[in-house]
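Note sheet for the following structure.
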Amino acid sequence: MALRPIDNALPTTPERPKKQAKVVVPIQKQSDSIVNDENKAPTAADATVEYILSENLEAVPNPESKIQSLIEGLESKDWIKVCESLNDVRRFALYHSTLLLPLLEKVVLALVKAMKNPRSALCKTSIMASSDIFHAYGDKFLDSFPSDAFDQLLLQLLLKASQDKRFVCEEADKALSAMVGSMTPLPLLNKLRVYVSHANFRIRAKAAISISNCVSKMGLEGMKEFGLVELVQMSADLLKDRLPEAREAARSVVISIYEAFTQSEEQKQEAWQSFCQSNLSPIHAQSMFKIIPSL
């Protein structure tokens with residue numbers, strides 16, 4: 001009978017590994033969250049991917065053969081393979097754009113998917129690919145497919161440009177600049193207009209900057225075709241937006257409109273005041289008047 005307490009204690013020994021297992025699980029989850037956080041700096045694994053400047057990219061050997069497996073590579077479960085295929089997309093865009101054009105819609109959807117991926121290497125390489133596509137196709141890019149693929153890409157670029165981490169934000173800013181620089185302003189403005197009322201104030205600011213860059217390329221006829229009154233009203237709303245970047249972009253739009261609108265007017269200030277008073281509320285019209293003396 002004296003042995004019973006010892007026998008009864010024996011079953012407690014196997015319980016110890018269970019406690020160790022409970023400790024291991026959260027450590028693994030924490031590690032995973034670090035790897036998959038797109039706002040972190042690139043990991044050692046991501047650093048193995050080379051970010052090649054556009055001017056250093058070379059043409060694709062045997063492009064007619066290589067194009068056949070491009071989509072398969074973009075849809076691979078191996079993220080390094082996807083990065084390689086994204087760089088191939090860049091090469092095709094720069095050197096073999098005619099071959100890539102029939103696949104462009106699928107390619108853009110693959111870019112969107114890669115931008116959403118938590119791996120920074122996939123995200124950055126896909127953004128770089130979008131810049132090269134904008135440069136290669138210009139207005140053809142919007143005319144190539146009727147779906148909402150471009151809208152999805154534009155939203156992702158605005159989201160990535162709104163992030164805090166510089167290595168993502170700066171690349172997305174470059175892509176948005178490439179987009180504005182390579183496309184006719186009017187159709188692009190029609191795509192961007194919806195984002196100045198987005199719930200995310202950072203997206204509003206990035207959209208406002210792109211709109212400002214578009215408007216700076218337009219003459220009065222182009223502004224009228226878009227809607228001169230709508231442009232002024234949009235700017236008036238952005239002048240009181242949360243971020244200074246949005247407000248500064250709005251001021252730039254107002255100056256561009258003023259210069260185009262009054263170019264042939266002898267009494268510039270009077271013509272501008274009359275236009276604003278006719279199309280804006282008194283408080284918004286007053287905000288327009290305050291901008292122009294800074295010229």
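The values are calculated or read from the model by the stated rules, or taken from the named source; none is laboratory data. The structure displayed is predicted, hence computed values, not measured ones. Heads up, the Cβs are rebuilt from the backbone with ideal geometry, glycines too, and the neighbour counts pull from every protein chain shown.
Could you list, in sequence order, the residues of the range 83-102 that are hydrophobic (A, V, I, L, M, F, W, C) and under 15 Å from residue 130 (Cβ atoms)?
83, 86, 89, 92, 93, 94, 100
From (1) under 25 Å from the mean Cα position of the chain (by Cα); (2) outside any helix (DSSP H, G or I); (3) not aliphatic (A, V, I, L, M), pick out the condition that doesn't hold for residue 263.
For residue 263, the exception is condition (1).
Taking the range 272-295, which residues are among the hydrophobic types (A, V, I, L, M, F, W, C) and closer than 19 Å to residue 222 by Cβ?
Residues satisfying the conditions are 272, 275.
Can you pull out every residue in the range 266-295 that is over 35 Å from the mean Cα position of the chain (by Cα) and either closer than 23 Å to residue 185 by Cα or not in a helix (DSSP H, G or I) (or both)?
Listed by number, the residues that qualify are 266, 267.
Which of (1) modelled with pLDDT under 95; (2) surrounded by 13 or more Cβ atoms within 10 Å (Cβ to Cβ); (3) in the same structural domain as residue 143 (by the TED database); (4) not β-branched (Val, Ile, Thr) does residue 62 not meet, given it meets every other one?
Against the list (1) modelled with pLDDT under 95; (2) surrounded by 13 or more Cβ atoms within 10 Å (Cβ to Cβ); (3) in the same structural domain as residue 143 (by the TED database); (4) not β-branched (Val, Ile, Thr), residue 62 comes up short only on (2).
When residue 108 is evaluated against the numbered criteria (1) among the β-branched types (Val, Ile, Thr); (2) closer than 18 Å to residue 141 by Cβ; (3) touching a residue at least 60 places away in the same chain (Cβ under 8 Å), which criterion, by number, is the only one it fails?
Only one criterion in (1) among the β-branched types (Val, Ile, Thr); (2) closer than 18 Å to residue 141 by Cβ; (3) touching a residue at least 60 places away in the same chain (Cβ under 8 Å) is unmet by residue 108, namely (3).
Condition check: more than 20 Å from residue 191 (Cα to Cα), within 20 Å of the chain's Cα centre (by Cα) and not assigned by the TED database to the domain that holds residue 154. Does residue 243 satisfy that?
Considered against the rule, which asks whether it is more than 20 Å from residue 191 (Cα to Cα), within 20 Å of the chain's Cα centre (by Cα) and not assigned by the TED database to the domain that holds residue 154, residue 243 comes out as yes.
If you check 180, 194, which single one turns out to be assigned to a helix (DSSP H, G or I), free of Cβ contacts under 8 Å to residues at least 40 places away in the same chain and surrounded by fewer than 19 Cβ atoms within 10 Å (Cβ to Cβ)?
194
Suppose we keep only residues that are at pLDDT 95 or above and of a type in the set (Lys, Arg) within the range 153-174. Which one would you say is surrounded by the fewest Cβ atoms within 10 Å (Cβ to Cβ)?
Ranking the candidates gives 174 first.
Based on what the data block shows, is residue 149 under 8 Å from the mean Cα position of the chain (by Cα) and touching a residue at least 24 places away in the same chain (Cβ under 8 Å)? Reasoning before the result, please.
Details: under 8 Å from the mean Cα position of the chain (by Cα): no; touching a residue at least 24 places away in the same chain (Cβ under 8 Å): yes.
So residue 149 fails the test.
Looking at the structure I just gave you, is residue 235 at pLDDT 95 or above, surrounded by 21 or more Cβ atoms within 10 Å (Cβ to Cβ), closer than 21 Å to residue 287 by Cβ and not hydrophobic (A, V, I, L, M, F, W, C)?
When the stated conditions are applied, residue 235 passes them.
Limited to the range 262-287, what total is found for residues that are crowded, with 18+ Cβ neighbours inside 10 Å, over 14 Å from residue 230 (Cα atoms) and in contact with a Phe, Trp or Tyr (Cβ under 9 Å, 6 or more places away or on another chain)?
Here the count works out to 2.
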